[in-house]
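The values are calculated or read from the model by the stated rules, or taken from the named source; none is laboratory data. It should be emphasised that the depicted structure is a prediction, and the values quoted were computed from it without experimental measurement. Reconstructed Cβ throughout: ideal geometry from the backbone, glycine too, with neighbour counts over all protein chains shown. Remember, those area values only see protein heavy atoms, side chains included, never the ligands or the DNA or RNA. Shrake-Rupley method; radii C 1.70, N 1.55, O 1.52, S 1.80 Å.
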Amino acid sequence: MKSGKQEGAILDKKQALAKAENFCVYQERSQKEVRYKLVEWGIRGDELEEILSELITNNFLNEERFAKQYASGKFNIKKWGRIKIKQGLKLKGVPDRILQKALYSLDDDDYMQTLENLALKKAGTIAESNPLKRKIKLMNYLQGRGFENDLILLALKASNLN
């Protein structure tokens, strides 16, 4: 129970639509997130589908816009690679076709530059004298950030870290 209200139908369709619009205006959302929120508010079945349809029609909900913004934000702010971004979008229920568009919207030059910068920054913090162990630690770190192995190797070579 939240704020003294009973679980179940806590909103009528009109209230739920207004609340969902505000939810979508505040921040881009995936359809899965909005669907979950509507169920949480007690909206189900045809009403839920009608509200989702109205949100899409009125451009409050746009899966492609959400995916591109998500990818851009995770890359620019958190410095995530495409693999980690793809996993995040899959968890948000974004279809593969839209997910691929979002990943391709990331600039390749910026992507490689970010990867090289992360590699150089991390290399300065690794206190390992064995060159092979040092390279493995660096590669593991960059893989954990979601970058692709072939690009990691290119970045290490370009930064003279191999």
Please tell me if LYS19 is modelled with pLDDT of 95 or more and out of contact with any His (no Cβ under 8 Å at 6 or more places or on another chain). no
Looking for something open to solvent by less than 30 Å² (accessible area, probe 1.4 Å), within 21 Å of the chain's Cα centre (by Cα) and at pLDDT 95 or above - is there at least one such residue anywhere in the stretch 137-146? yes
Candidate set from the stretch 73-101 (those that are of a type in the set (A, V, I, L, M, F, W, C), closer than 24 Å to VAL25 by Cα and over 10 Å from the mean Cα position of the chain (by Cα)); member that is surrounded by the fewest Cβ atoms within 10 Å (Cβ to Cβ): ILE77
Any idea which of (1) in a helix (DSSP H, G or I); (2) over 26 Å from VAL34 (Cβ atoms); (3) open to solvent by less than 50 Å² (accessible area, probe 1.4 Å) is the one ILE126 doesn't satisfy? (1)
Restricting the stretch 9-33 to residues that are small (Gly, Ala, Ser) and not in a helix (DSSP H, G or I), the one least open to solvent (accessible area, probe 1.4 Å) turns out to be SER30
Any idea which of TYR70, TYR36 is in a helix (DSSP H, G or I) and open to solvent by less than 80 Å² (accessible area, probe 1.4 Å)? TYR70
Return yes or no: is ALA119 small (Gly, Ala, Ser), open to solvent by less than 40 Å² (accessible area, probe 1.4 Å) and more than 25 Å from ARG29 (Cβ to Cβ)? yes
Limited to the stretch 39-67, what total is found for residues that are surrounded by fewer than 13 Cβ atoms within 10 Å (Cβ to Cβ) and touching a Pro at 6+ places or on another chain (Cβ under 9 Å)? 0
